[in-house]
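What follows is a set of notes on a single structure, which appears directly below.
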Amino acid sequence: MKSSSSSSEGAEGASIWQRWPALVYLASLATMLVVWHAIARFFPPMLFPGPIPVFARVWEIIVSGQFIVHMAATMLRVAAGFFCAFLVSIGLGIFMGVNRTGERFFEPEIVVGLTIPSLAWAVIALMWFGISEFAPIFTIFVVLQPLITVNIWQGTKALDHEVIEMARAFRAGRAMVIRDVVIPQLVPYLLAATRFGLSLAWKVTVIAELLGLSNGIGYMIHYSFGIFSMLDVFAWTIAFTLVMLALEYGLLKPLEARVTGWRRAVAL
Amino acid sequence: MQIALRGIHKEFPRQNGGSLAVLRDVTLTVEAGEFCCVVGSSGCGKSTILNIVAGLTLPDSGQVLVDDARIDASRMRIGYVFQKPRLLNWKSVRENVAFALKASGTPAAEARARAQHYLDLVGLSQFEDEFPLALSGGMQQRVAIARALAIEPDLLLMDEPFSHLDELTARVLRAELLRIWQQARKPVMFVTHNALEAVYLADQVLILSGRPATILKSLRVGLPRDREMEDPRLVALQREILDALGITGASVVRH
């Protein structure tokens with residue numbers, strides 16, 4: 001009796017923030033906007049426009065159709081580069097995880113790849129391939145590949161061999177072992193790789209676009225810089241960030257919660 | 001189905017380049033329907049024997065013969081209960097049991113029904129939709145036992161399956177295991193370092209030496225099956241095993 005009454009009290013006593021976690025996120029966003037608005041009041045709008053004019057401008061570029069055109073260009077580049085990097089990394093990462101010699105051979109490649117600044121790659125790609133779609137895609141590929149490979153390599157090394165042995169003892173075939181035993185263990189690493197990889201891919205693409213392309217979000221930020229319109233720089237950056245947030249909270253987070261839900265189970 | 005090991009040798013390579021002899025000339029026979037316990041101290045190579053029978057480890061020399069080699073050992077249907085549960089934590093309890101059934105070629109619909117039946121048998125039918133990490137260690141091990149039994153194996157291999165459990169749970173599961181075994185009448189190889197557990201369960205107890213392990217002695221437990229662990233005859237047999245292993249507790253007391 002006593003324990004049940006105290007536990008129900010605990011649920012009622014929980015603050016509003018604990019009962020609706022989404023409220024915390026909203027409060028966080030609201031705080032950001034208020035702080036931004038407050039700071040902007042101390043500066044001329046030419047240098048630091050506040051949230052109200054910026055969101056008005058965001059609305060304008062969305063309704064005018066400009067945003068969709070440039071966002072689509074950027075997204076296609078990110079998707080192509082990311083897809084190629086992911087494909088190569090899965091093969092290479094698993095190979096490095098299971099083969100000691102392969103691991104030693106490719107490790108320096110990974111370290112070098114992680115060290116070279118992405119800006120350097122963007123410049124090199126533009127000088128090699130000129131103003132073409134291939135330059136940004138190549139840049140994304142070479143920047144992302146070592147990063148994703150590291151994740152998959154570590155995930156493969158962390159595989160629980162005891163459950164693989166169990167599956168073999170029960171005569172599970174190779175396809176079944178891979179599908180039911182190996183891949184579920186790699187999924188958290190694949191998700192982490194996707195998240196890091198995508199966030200880096202956006203930044204790299206924008207740099208490549210800024211340096212030498214004629215469309216995409218990066219180009220538009222550069223163009224706004226050319227006409228010295230801080231309002232446009234802010235508007236394009238914010239609009240782009242909103243799409244990224246929607247992807248993160250609308251797609252990646254729910255996906256992660258779905259496929260790794262078994263980890264949250266609490267022992268009795 | 002009779003299982004026989006003939007002259008099994010096994011060495012494992014070591015980090016420093018040498019090798020570690022684990023099994024030396026291990027020869028034993030488990031008769032059809034027999035409950036055989038293998039007793040030895042920790043790390044003496046007991047698990048290696050089971051892995052060789054299961055085909056997970058290849059011996060350096062020697063043979064595993066099933067029914068005098070009339071049956072290919074790799075075709076045997078083996079239920080294996082490991083020291084740790086070794087469950088697939090991303091699958092529900094029922095899916096874990098169904099996994100073993102599918103691996104051994106049972107159609108999905110039948111696998112589901114049989115998984116439910118065997119989970120019921122180990123008292124976990126209420127928990128079949130839970131994920132393993134939501135269960136206690138003892139319950140996880142019962143899932144592992146249900147998984148091994150569900151495939152209705154030709155041979156059941158058990159590697160200290162109760163050693164991580166509290167004694168009360170272990171007692172209940174030992175009695176359950178005997179009850180199920182008496183119905184199925186399939187051979188069991190049960191590895192343990194607990195001599196009393198061995199004499200309580202077994203028809204035949206094989207005593208292993210330290211590394212490299214070889215069979216020191218084989219013991220028959222001819223007592224009827226409604227055994228009590230406190231039975232003085234079992235305690236006397238336990239003493240015999242401990243003496244064979246050179247663990248002379250009595251002489252220490254006398255000093």
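The values are calculated or read from the model by the stated rules, or taken from the named source; none is laboratory data. As the structure is a computational prediction, the values presented were derived from the model and not from experiment. Glycine also receives a Cβ, built like all others from the backbone with ideal geometry; neighbour counts cover every protein chain displayed.
Take the residues in the range A:214-268 that are in contact with a Ser or Thr (Cβ under 6 Å, 6 or more places away or on another chain) and surrounded by 13 or more Cβ atoms within 10 Å (Cβ to Cβ), then tell me which one is nearest to the other protein chains (Cβ to nearest Cβ).
A:ILE217
Among the candidates A:LEU159, A:LEU144, which residue alone is under 23 Å from A:VAL123 (Cβ atoms), crowded, with 16+ Cβ neighbours inside 10 Å, of a type in the set (A, V, I, L, M) and more than 10 Å from chain B (Cβ to nearest Cβ)?
Exactly one of A:LEU159, A:LEU144 is under 23 Å from A:VAL123 (Cβ atoms), crowded, with 16+ Cβ neighbours inside 10 Å, of a type in the set (A, V, I, L, M) and more than 10 Å from chain B (Cβ to nearest Cβ), namely A:LEU144.
Do we find that B:GLU128 is surrounded by fewer than 23 Cβ atoms within 10 Å (Cβ to Cβ), out of contact with any Cys (no Cβ under 7 Å at 6 or more places or on another chain) and in contact (Cβ under 8 Å) with a residue 60 or more places away in the chain in this structure?
So B:GLU128 fails the test.
Can you tell me which residue within the range B:55-68, out of those that are touching a residue at least 24 places away in the same chain (Cβ under 8 Å) and among the aliphatic types (A, V, I, L, M), is farthest from the other protein chains (Cβ to nearest Cβ)?
Kept after step one, since they are touching a residue at least 24 places away in the same chain (Cβ under 8 Å), are these residues of the range B:55-68: B:57, B:59-68.
Subsequent filtering for residues that are among the aliphatic types (A, V, I, L, M) retains B:64-66.
Values: B:VAL64: 14, B:LEU65: 19, B:VAL66: 15 Å.
Applying the filter and picking the extreme gives B:LEU65.
Does A:ARG195 meet the test of being in a helix (DSSP H, G or I) and away from chain B (no Cβ under 14 Å)?
yes
Going by what's in this entry, would A:LEU200 be described as in a helix (DSSP H, G or I), away from every other protein chain (no Cβ under 14 Å) and closer than 27 Å to A:TYR249 by Cβ?
Yes; evaluated as a whole, the condition is true for this residue.
Can you confirm whether A:PHE105 is of a type in the set (Phe, Trp, Tyr), without any contact (Cβ under 8 Å) to a residue 24 or more places away in the chain and part of a helix (DSSP H, G or I)?
Judged against the criteria, A:PHE105 is a match.
Please count how many residues of the range B:69-95 are assigned to a helix (DSSP H, G or I) and either of a type in the set (D, E, K, R) or more than 10 Å from chain A (Cβ to nearest Cβ) (or both).
Selection size over the range B:69-95: 5.
Take the range B:24-47 and flag every residue that is buried (at least 21 other Cβ atoms within 10 Å of the Cβ) and either aliphatic (A, V, I, L, M) or under 18 Å from B:PHE12 (Cα atoms) (or both).
Correct list: B:VAL26, B:VAL30, B:VAL38, B:VAL39, B:CYS44, B:GLY45, B:LYS46.
For the range B:1-20, which residues satisfy the criterion of being touching an Asp or Glu at 6+ places or on another chain (Cβ under 9 Å), surrounded by 15 or more Cβ atoms within 10 Å (Cβ to Cβ) and modelled with pLDDT of 85 or more?
Listed by number, the residues that qualify are B:GLN2, B:ILE3, B:ALA4, B:ILE8, B:HIS9, B:LYS10, B:GLU11.
Name the strands (runs of 3 or more DSSP E) wholly within the range B:157-244 that hold at least 3 residues that are surrounded by 18 or more Cβ atoms within 10 Å (Cβ to Cβ)? Don't jump to the end; show me each part of the working.
Values: elements: B:188-192, B:204-208, B:215-220.
In the range B:157-244, the matching strands (runs of 3 or more DSSP E) lie at B:188-192, B:204-208.
So in the range A:212-238, with the set limited to residues that are without any contact (Cβ under 8 Å) to a residue 40 or more places away in the chain and assigned to a helix (DSSP H, G or I), which one is farthest from A:MET75 (Cα to Cα)?
Checked the range A:212-238; the qualifying residue farthest from A:MET75 (Cα to Cα) is A:GLY226.
Could you say which residue among A:ILE207, A:ILE164, A:ILE183, A:ILE178 is over 26 Å from A:ALA80 (Cα atoms), part of a helix (DSSP H, G or I) and modelled with pLDDT under 90?
After applying the criteria, what remains is A:ILE178.
So is B:ALA184 among the small types (Gly, Ala, Ser) and more than 14 Å from B:ILE241 (Cβ to Cβ) or not?
It is true that B:ALA184 is among the small types (Gly, Ala, Ser) and more than 14 Å from B:ILE241 (Cβ to Cβ).
Scan (1) without any contact (Cβ under 8 Å) to a residue 24 or more places away in the chain; (2) exposed (fewer than 15 other Cβ atoms within 10 Å of the Cβ); (3) more than 9 Å from chain A (Cβ to nearest Cβ) for the single condition B:ARG112 breaks and write down its number.
With (1) without any contact (Cβ under 8 Å) to a residue 24 or more places away in the chain; (2) exposed (fewer than 15 other Cβ atoms within 10 Å of the Cβ); (3) more than 9 Å from chain A (Cβ to nearest Cβ) applied to B:ARG112, the lone miss is (2).
Before we move on, is A:LEU159 part of a helix (DSSP H, G or I), within 30 Å of A:VAL98 (Cα to Cα), touching a residue at least 24 places away in the same chain (Cβ under 8 Å) and of a type in the set (A, V, I, L, M, F, W, C)?
Working: part of a helix (DSSP H, G or I): no; within 30 Å of A:VAL98 (Cα to Cα): yes; touching a residue at least 24 places away in the same chain (Cβ under 8 Å): yes; of a type in the set (A, V, I, L, M, F, W, C): yes.
No; evaluated as a whole, the condition is false for this residue.
If you go through the range B:34-43 one residue at a time, do you hit one that is away from every other protein chain (no Cβ under 14 Å), touching a Pro at 6+ places or on another chain (Cβ under 7 Å) and in a loop (DSSP other than H, G, I, E, B)?
Within the range B:34-43, one or more residues are away from every other protein chain (no Cβ under 14 Å), touching a Pro at 6+ places or on another chain (Cβ under 7 Å) and in a loop (DSSP other than H, G, I, E, B).
Condition first: touching a His at 6+ places or on another chain (Cβ under 8 Å) and within 14 Å of another protein chain (Cβ to nearest Cβ). Can you find one or more residues in the range B:115-133 that meet it?
Checked against the condition, which is being touching a His at 6+ places or on another chain (Cβ under 8 Å) and within 14 Å of another protein chain (Cβ to nearest Cβ), the range B:115-133 yields no hits at all.
Taking A:ARG171 as the residue in question, decide whether it is within 14 Å of chain B (Cβ to nearest Cβ), at positive phi and without any contact (Cβ under 8 Å) to a residue 12 or more places away in the chain.
Yes; evaluated as a whole, the condition is true for this residue.
Scan the range B:134-151 residue by residue and report those that are polar (S, T, N, Q), surrounded by 17 or more Cβ atoms within 10 Å (Cβ to Cβ) and within 12 Å of another protein chain (Cβ to nearest Cβ).
B:GLN140 - this is the single residue of the range B:134-151 that is polar (S, T, N, Q), surrounded by 17 or more Cβ atoms within 10 Å (Cβ to Cβ) and within 12 Å of another protein chain (Cβ to nearest Cβ).
Going by what's in this entry, would B:LYS102 be described as facing chain A (nearest Cβ under 8 Å), touching a residue at least 40 places away in the same chain (Cβ under 8 Å) and either touching a Phe, Trp or Tyr at 6+ places or on another chain (Cβ under 8 Å) or surrounded by fewer than 23 Cβ atoms within 10 Å (Cβ to Cβ) (or both)?
So B:LYS102 fails the test.
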